[in-house]
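Taking it in order: structure first as structure tokens, then the write-up.
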Amino acid sequence: MQTYDEQAAFYNTHWPAMKTAAEAGGGKAVSDFILGFEDELERRVLFMFARQGLAMDDWQGKSFDALIEVADAGIAELVRQAEGTEDAQTRDKRIDAANVISFNLGADLADCWPGDNEPREARHFQRGVQAGQDCLRWREALNKPAGPLSMAWWVKGIHEFSLGEAQNAIDSFQRSLDFAKKDAAEAGLAKDVSSAGTFPVVLGSGYLGLARWRSGVEDGQAQYLAAIAVFGEQAQDDKTKDDALFGIAQLEAVRSKYIKP
């Protein structure tokens, strides 16, 4: 059970039982089901794939709290497995798996997705901030490049924004944008907010503009509108159209919730 397809098939075999457990006993029942497997690899696979069912499928009693509970159990299990090995490469792989679960959790809890109107509470955003902080700690320890660091700062920032933590959100979005620009420069791509700009740079500038606008910074709105305008230009090119339209939809979804005309 080494390839992704084999792991996915193993998960698909057990998702019906996991779904039954979730509907009967919530996140704890799912975690207990997974932890009942003796094989460490099987536990890793089920925790890594659990999000697909818990977040993406419909099931009775579906909730962010259940998603958090299973993610927390999975992260704890992967950290435990990492601490239980003396091989540095294996340890890093286990920590990186925990990092992936944490990032996905933070993304799922964010209220920035077009068409997603599920209500969140402050505790969900607070857990999202923690997810971003954990990702930053692990990605720095694993010497991840600029791109993943930019994404981790974004996770932290989007939840700070939702909590109304104005300065923290501005700081996090600024760091995210800085790393997005570094990632672009290292790839030999444009690092400015222009029609040639990369998706992370333009999106990151839009988020920073939103946070600054919401905080009353004079040119915050202009910065946000500049990002929207660039995405509008990129939407005219078939190569960048899909990402550009998604960027506009995401930024507008956040603006419409937190900044009224």
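The values are calculated or read from the model by the stated rules, or taken from the named source; none is laboratory data. As the structure is a computational prediction, the values presented were derived from the model and not from experiment. Please note: Cβ atoms are built from the backbone with ideal geometry, for glycine as well, and neighbour counts cover all protein chains shown.
What's the number of the only condition in (1) surrounded by fewer than 18 Cβ atoms within 10 Å (Cβ to Cβ); (2) farther than 18 Å from Gln250 by Cβ; (3) of a type outside the set (D, E, K, R) that Leu136 fails to meet?
Failed condition: (1).
Being touching a residue at least 24 places away in the same chain (Cβ under 8 Å), surrounded by 18 or more Cβ atoms within 10 Å (Cβ to Cβ) and not in a helix (DSSP H, G or I) is the filter here; which residues of the stretch 166-196 pass it?
Of everything in the stretch 166-196, just one residue is touching a residue at least 24 places away in the same chain (Cβ under 8 Å), surrounded by 18 or more Cβ atoms within 10 Å (Cβ to Cβ) and not in a helix (DSSP H, G or I), namely Val193.
Determine, yes or no, whether Gln221 is closer than 24 Å to Glu160 by Cα, in the same structural domain as His159 (by TED's automatic domain parsing) and surrounded by fewer than 19 Cβ atoms within 10 Å (Cβ to Cβ).
So Gln221 fits the description; yes.
Go over the candidates Asn117, Asn104 one by one and state the one that is within 27 Å of Ala249 (Cβ to Cβ) and assigned to a loop (DSSP other than H, G, I, E, B).
Going through Asn117, Asn104 in turn, just one is within 27 Å of Ala249 (Cβ to Cβ) and assigned to a loop (DSSP other than H, G, I, E, B): Asn117.
Within the stretch 205-237, how many residues turn out to be farther than 21 Å from Pro114 by Cα and out of contact with any helix residue (DSSP H, G or I) (no Cβ under 6 Å at 6 or more places or on another chain)?
Qualifying residue count, the stretch 205-237: 6.
Evaluate the following for Ser102: is it at pLDDT 95 or above and touching a Cys at 6+ places or on another chain (Cβ under 8 Å)?
For Ser102, the condition - at pLDDT 95 or above and touching a Cys at 6+ places or on another chain (Cβ under 8 Å) - is met.
On the given criteria, is Arg51 closer than 24 Å to Phe161 by Cβ, surrounded by fewer than 19 Cβ atoms within 10 Å (Cβ to Cβ) and touching a residue at least 40 places away in the same chain (Cβ under 8 Å)?
So Arg51 fails the test.
What pairs come out if I take residues in the stretch 91-117 that are without any contact (Cβ under 8 Å) to a residue 12 or more places away in the chain and pair them with residues that are of a type in the set (D, E, K, R) whose C-beta lies under 9 Å away, six or more apart or interchain?
Filtered contacts from the stretch 91-117: Arg91/Glu83; Asn117/Asp111.
Looking at Glu69, Glu38, Glu77 in this structure, which one is acidic (Asp, Glu) and in contact with a Ser or Thr (Cβ under 7 Å, 6 or more places away or on another chain)?
Within the list Glu69, Glu38, Glu77, the selection yields Glu69.
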